[in-house]
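Here's the structure we're looking at; comments come further down.
All of the numbers you see were taken from the coordinates with simple rules; none came from a lab. Just so we're clear, the structure is a prediction, and the values are computed from it rather than from any experiment. All Cβ positions, glycine included, derive from the backbone under ideal geometry; neighbour counts span all protein chains shown.
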């Protein structure tokens, strides 16, 4: 699966497996693939392709099911090489802008953003931001601070972390296992578990996707994080993230996170 041109059939079958599993949470069998593969492919050919994908570690067979599901390695390949982003609708963008325009403080912004993201993505949302309270009496200096790149000197060291929508994870079949849910909720309860991941992303621009074991924390091996920084000028002051099962709808969630983070960066300069 290194060369997409010479492995178009394999990529197509794999993409069908990923999208179908994201949609249904059910293992995907050859019949489903045959129905969705537009150019037509025999059952024997599909089974051969699935065998190759499994051998390469992109899919696996859960339990005794005849179907297959993507592995974390497979999700990484999908996100990096196959995924096409889903654009937000005009209605969604307008709603986000309207909701964020209502807030007047950093704390209000953080609370509103986490609720907006959770509602749009049907997953848990995080927003973490360095404390800007000490800037309240220095608003007239804000532009000079940004230009001189000294804004960071006026930020508190410990970021605030706001969490919204953890209840939505109970709706996901991946977390019907009580042990998995216990570990995950414990990670939310101990907010410090997320901060090293989130703060590390401040060092690089753009959207970051952490899948399963890439989080380097046992409590988060079954979840993915989609993260993007927020800025005042050129200074990263925090960011927003969606947390959910590795079977998340990456194509839409990445678009949501990017749009909201960019909107927050614009809005935050009002304070």
**OP:** Give the peptides 207-218, 42-53 in descending order of average Cβ contacts within 10 Å, highest first.
**Re:** 207-218, 42-53
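Based on the mean of other Cβ atoms within 10 Å per residue, sort peptides 170-181, 104-115 so the most packed one is first.
Values: 170-181: 13.2, 104-115: 18.1.
Top of the packing list down: 104-115, 170-181.
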Subject >> Cα gyration tensor, the range 5-82 - rounded (a/c under 1.5), prolate or oblate >> reply: rounded
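Give the relative contact order (percent, whole number) for the range 168-271; include only Cα pairs under 8 Å separated by 6+ residues.
Numbers: 130 pairs, mean separation 21.8, N = 104.
It comes to 21 percent, rounded to a whole number.
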